[in-house]
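Worksheet: the structure to be examined is printed underneath.
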Amino acid sequence: MKEFNPQKAFVDPMSLEYATGRRVLEYLKASQIPITYSKRVIIEGESSIEKYNNSKKTIFLTLNKEKKLRPCSPSADFQFSLTSSCPGMCEYCYLQTTQGERPYIKIFANIEDIFEVIQKHIDENESETTTFECSSITDPVPFEKMTGSLKACIEFFGNSEKGRLRFVTKYHQVDDLIEAHHKGHTTFRFSINTKKIINDFEHNTSSMEHRIQAAGKVSKAGYPLGFIIAPIMRYPNWKEDYEEMLSELKSHVSENKKEITFELIQHRYTQTAKKLIYSRFPKTKLDMNDEERQLKWGPYGKYKHVYKKEDSEEIKAHMMGLIEKYFENGKVEYFT
Ligand code: SF4
């Protein structure tokens with residue numbers, strides 16, 4: 001995917017009291033993006049598909065007023081956000097069911113306030129380190145050129161004695177982040193998948209090659225590195241495709257002798273997500289045949305359809321075997 005540029009922007013005038021707000025405004029003006037100064041976002045569109053498509057091209061420059069951060073178990077102690085939503089249109093994105101009919105992109109201008117809230121949570125926590133996740137409701141990377149916020153955030157954590165950051169991305173625009181003074185306090189993770197899966201289902205995201213090249217740059221920059229392989233799917237040649245992906249990845253991070261983490265998540269869906277996916281992507285090729293799945297009770301009070309036990313065990317064995325084969329410094333954190 002090329003550099004993300006919105007088609008429309010709404011700007012809350014309060015956001016211009018912050019340096020990041022003014023930087024984003026300059027960017028929008030220079031890129032000749034139509035701007036409306038308002039606290040309210042209007043998304044046009046007759047159908048819900050049109051509204052969804054238009055939302056993904058619209059940004060709202062606004063403020064994050066969250067004072068009490070939500071827990072983010074098990075991956076981190078807390079979660080916060082510099083942005084919400086993203087330009088990607090991944091058919092199985094779990095945000096599909098949580099961000100409503102108009103998942104327009106919010107960019108938060110008041111990063112100083114956000115850092116203050118984070119610092120308060122670090123100070124109040126008695127543990128040796130407090131970990132924070134900043135990609136729970138967004139992909140934080142594609143906006144970096146516009147905002148510079150993620151680099152500032154990485155450096156905030158770089159200077160923090162007890163705070164640690166982690167995030168995950170499906171984008172390759174990492175050049176500005178390579179130079180950040182991270183001091184090893186940020187774990188940089190990429191969400192990766194086979195070429196076929198990315199091409200078929202992860203619209204408006206970076207290709208496998210680009211993500212892997214970006215991971216090579218991040219690895220050379222000395223960041224703690226991790227990969228989420230998700231959703232893992234079975235289809236003709238899935239075994240060969242995942243092997244191709246991991247061997248390609250290995251060739252880009254082979255100099256990295258530190259631990260590299262892997263999180264493995266098999267494909268799953270709820271009935272609510274299935275309905276929504278069919279309404280937003282009527283021609284989807286996603287395999288959601290209930291007959292070939294088994295039910296698993298999820299933490300959010302809904303049944304998920306996961307692969308049947310023998311299929312799921314085969315996925316686990318194959319993926320763990322590949323990681324062992326290609327990454328002697330690989331650590332599988334979990335398979336689910
Ligand atoms: S890039 Fe991530 S956050 Fe964005 S649509 Fe895809 S899965 Fe969802």
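Taken together, the values in this text are just the output of simple stated rules run on the coordinates, not laboratory data. Since we're looking at a predicted model, the values are computed, not measured. Cβ coordinates were reconstructed from backbone atoms using ideal geometry, including for glycine residues, and neighbour counts include every protein chain displayed.
Its Cα centre serving as origin, the chain has a Cβ charge dipole (Lys and Arg +1, Asp and Glu -1) of approximately 760 debye. A Förster radius of 30 Å combined with the Cβ-Cβ distance from Ile49 to Gln213 puts the calculated FRET efficiency at roughly 0.35. With the convex hull of its Cα atoms as the shape, the chain has an orientation-averaged projected area of 17.0 nm². Cross-link partners for Lys309 among the aspartates and glutamates, with Cα-Cα distance under 16 Å and sequence neighbours closer than 8 places in the same chain left out: Asp290, Glu291, Glu292.
With charges only on Cβ, +1 for K and R and -1 for D and E, what is the dipole size of segment 54-175 about its Cα centre, in debye, rounded to 20?
So the magnitude is around 520 debye.
Taking only the Cα atoms of segment 112-228, the ratio Rg/Rh comes out at 0.99, with Rh defined as the Kirkwood radius. Put in order of Cβ neighbour count within 10 Å, fewest first, the listed residues His185, His318 become His318, His185. Computed over the chain, relative contact order equals 14 percent, with contacts defined as Cα pairs under 8 Å that lie 6+ residues apart.
Let me check I've understood the local charge: for Tyr52, count other residues with C-beta under 11 angstrom from its C-beta, Lys and Arg +1, Asp and Glu -1. What total comes out?
That works out to +3.
Each Lys or Arg adds one and each Asp or Glu subtracts one; over the other residues with Cβ under 14 Å from the Cβ of Arg102, this totals +3. Taking the helices alone, the chain has a mean residue ellipticity at 222 nm of -10500 deg cm²/dmol, built from -39,500 (n - 2.57) per DSSP H run of at least 4 residues and averaged over all its residues. Farthest toward the positive end of the dipole of segment 51-143, out of Met89, Asn125, Ile114, is the Cα of Met89, where the dipole comes from beta carbon charges about the Cα centre. Cross-link partners of Lys196 among aspartates and glutamates, defined as those whose alpha carbon lies under 19 angstrom from its own and excluding same-chain residues fewer than eight positions apart: Glu91, Glu209, Glu240, Asp241, Glu243, Glu244, Glu248, Asp287. With both residues required to sit in segment 13-125, DSSP beta bridges show an antiparallel share near 55%.
Take every DSSP beta bridge whose two residues both sit in the chain, then give the antiparallel share in percent to the nearest 5. Counting only bridges with both partners in the chain, antiparallel ones make up about 25 percent.
The mean sequence separation of alpha-carbon pairs under 8 Å and at least six residues apart, normalised by the residue count of segment 118-177, gives a relative contact order of 46 percent. Over 32 Å apart at the Cα level, from the set Lys170/Lys258; Lys51/Lys170; Lys29/Lys195; Lys39/Lys162, are Lys29/Lys195; Lys39/Lys162.
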